[in-house]
Amino acid sequence: QVQLVESGGGLVQAGGSLRLSCAASGGTFSNYAMGWVRQAPGKEREVVASITITERTKYEDSVKGRFTISRDNTKSTVYLQMNSLKPEDTAVYYCAARYYYIAGAAYEYEYWGQGTQVTVSS
């Protein structure tokens, strides 16, 4: 079993930045594709960024150029650097993992963190 613990959420003004971190334990981190999934009130979960075991990255269109996903296998940690934040980025952000293969949709992830709230004020 893989355990994921997110940190780094909070309240920020529009145009500001936050960096989310997700520490993994219980598995060989380098064997897992990782993603950041967000859920805003009344909306479905959406994958905003993902990274493969070979560190290829993919982004949802609305965050391209603003968010950057990265991983440090020596620390079993995945990061999401969020710049130029907008009020519509407000959501609970979840770290998620899938063994070996990248997930194309939120439901394909096998392991989830508890989530961290990101609130962007206008």
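Can you give the % of DSSP beta bridges in the chain that are antiparallel, to the nearest 5?
90 percent
Could you let me know the centre-to-centre spacing of region 39-64 and region 8-31, using Cα atoms, in angstrom?
Region 39-64 and region 8-31 have Cα centres separated by 13 Å.
What are the extents of the Cα atoms of the chain along their three principal axes, in Å, largest first?
40, 27, 25
Using Cα pairs under 8 angstrom and six or more residues apart, how large is the relative contact order of region 30-74, in percent?
Value for region 30-74: 31 percent.
State the extension gain, in nm to one decimal, for the chain segment bounded by ASP61 and VAL5, taking 0.36 nm per residue of separation less the distance between their alpha-carbons.
17.6 nm
Carbon and sulfur: what percent of the chain's accessible surface (1.4 Å probe)?
46 percent
The values are calculated or read from the model by the stated rules, or taken from the named source; none is laboratory data. Everything numeric in this text was worked out from a predicted model, so none of it was measured. Protein only, heavy atoms only, side chains kept; ligands, DNA and RNA dropped before computing areas. Shrake-Rupley method; radii C 1.70, N 1.55, O 1.52, S 1.80 Å.
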